[in-house]
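Undergrad: I'd like to ask some things about the structure below.
Computed from the coordinates by the stated procedures, all read-outs in this text should not be read as laboratory data. Remember, predicted model here, so these are calculated numbers, not experimental data. Every residue, glycine as well, gets a Cβ built from its backbone with ideal geometry; the counts of neighbours run over all protein chains shown.
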Amino acid sequence: MTRFHACATCIHYRMKKTEQGTYRYCQRLGYETKPHYQFRCWTPKPHVQALMEKERKREEKEHE
């Protein structure tokens, strides 16, 4: 997995303010989660995909 892999960087990660505080959950899985949790269903947000691609290209240049 990548260093970016975490719920907070997934397109399905949501936050909702409640009277009890902030409720963080996975919209796809339907249950509470935390920003640093990791699941195999992870789909990175577009800006994270761009960062991953940029990092991959940099690493390729270093190994040439």
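Undergrad: Apply 1/(1 + (r/R0)^6) to the Cβ-Cβ distance of Glu62 and Lys34, taking R0 = 25 Å, and write down the FRET efficiency to the nearest 0.05.
TA: Details: r = 33 Å, r/R0 = 1.33.
For Glu62 and Lys34, the calculated efficiency is 0.15.
Undergrad: Now, a different point. To make sure I understand, if each residue's beta carbon is the centre and we count other beta carbons within 10 Å, what order do Leu29, Leu51 fall in, fewest to most?
TA: Values: Leu29 12, Leu51 16.
By the 10 Å Cβ count, ascending, the order reads Leu29, Leu51.
Undergrad: So which chymotrypsin sites (Phe, Trp or Tyr not before Pro) in the chain end up in coil per DSSP with only 10 or fewer other C-beta atoms within 10 Å?
TA: Tyr31
Undergrad: Rounding to the nearest 10 and keeping the result within 0 to 90°, find how far the Cα-based axis of helix 46-62 lies from the longest principal axis of the chain.
TA: Roughly 30 degrees between the two axes.
Undergrad: Let me know the volume per residue of the alpha-carbon convex hull for the stretch 7-62, in Å³.
TA: Numbers: hull volume 5.0 nm³, N = 56.
In the stretch 7-62, the Cα convex hull volume per residue is 88 Å³.
Undergrad: Excluding residues fewer than 8 places away in the same chain, name every one of the lysines whose C-alpha is closer than 24 Å to that of Lys17.
TA: Lys34, Lys45
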